[in-house]
Amino acid sequence: MSTPVLPTIGMCSDHAGYELKNKIKAMLTGKGYKVMDFGTDSEDSCDYPDFAHPCAKAVESGECALGIAMCGTGNGISMTLNKHQGIRAALCWAPELAKLAKEHNNANILVLPARFIDPEVALKTVEVYLDTPFEGGRHERRIAKIPV
Ligand code: RB5
């Protein structure tokens with residue numbers, strides 16, 4: 001029996017999300033996901049768009065199937081990611097939100113508020129996000145109307 005190929009996940013954060021990004025990356029690689037880490041690479045103060053744009057482009061192009069992003073609040077990085085037409089980045093702080101973000105919105109990037117979420121809750125939120133399928137149907141029509 002062949003082992004299922006897990007999707008490649010793009011990750012990005014600023015300094016505020018750096019530690020959480022590493023925790024999530026360790027969990028994902030431990031499960032067998034391939035992770036492309038677009039930075040940042042330390043806790044030195046930096047600007048989230050410098051890492052969000054390359055990550056968004058990789059998800060838009062299909063180089064990464066999905067993305068996981070974080071900054072302190074999750075807001076700045078969400079705003080940046082969602083400037084890309086092909087990105088549906090959803091800020092989620094609980095597994096239930098991540099489940100609905102995938103089921104209803106087919107969010108292709110999960111965003112976490114690193115300074116406002118318990119790391120264990122963040123890990124669970126990532127697992128639920130990755131394990132939940134898009135429902136399609138009426139939601140397909142709605143998400144088709146999002147790009148401007
Ligand atoms: C960094 O201090 C903080 O502003 C950033 O991580 C984020 O919360 C911005 O939206």
| field | Dipole magnitude of segment 13-108 about its Cα centre (Cβ charges: Lys, Arg +1; Asp, Glu -1), debye to nearest 20 | value | 460 debye
| Paramagnetic label zone (point 7 Å from Cα along Cα-to-C-beta, GLU135; backbone N under 12 Å) in segment 78-102 | 99-102
| field | Cβ-isolated cysteines (cut-off 4.7 Å), the chain | value | CYS46, CYS64, CYS71, CYS92
| message | If I take the Cα coordinates of the chain and project them onto the principal axes, what are the three extents in Å, biggest first? | response | 44, 44, 27
| request: For the chain, set up a Gaussian network in which alpha carbons nearer than 10 Å are linked by springs, and say which option among LEU20, LEU110, LEU100 fluctuates the most. | output: LEU100
| Cut-off 10 Å between beta-carbons: net charge of the residues surrounding GLY39, Lys and Arg +1, Asp and Glu -1 | -3
| Over segment 72-148, what number does the Rg to Rh ratio reach, with both radii from the alpha-carbon atoms and Rh per Kirkwood? | 0.98
| request: May I ask for the net charge around TYR18, where only other residues with Cβ less than 11 Å from the Cβ of TYR18 are counted and Lys, Arg are +1 while Asp, Glu are -1? | output: -3
| request: For LYS31 and PHE116, calculate 0.36 nm times their separation in residues minus their Cα-Cα distance, and state this gained length in nm to one decimal. | output: 28.1 nm
| query | Net charge near GLY76, counting Lys/Arg +1 and Asp/Glu -1 over other residues with Cβ under 13 Å of its Cβ? | reply | -1
| remark: Within the set ARG115, ARG88, ARG138, GNM on the chain using Cα springs under 10 Å gives the largest fluctuation to ARG138
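No value in this document is a laboratory result; all are computed from the given coordinates. In this text, all values refer to a predicted model and were calculated from it rather than measured experimentally. Cβ: placed from backbone, ideal geometry, glycine included. Neighbour counts: every protein chain shown.
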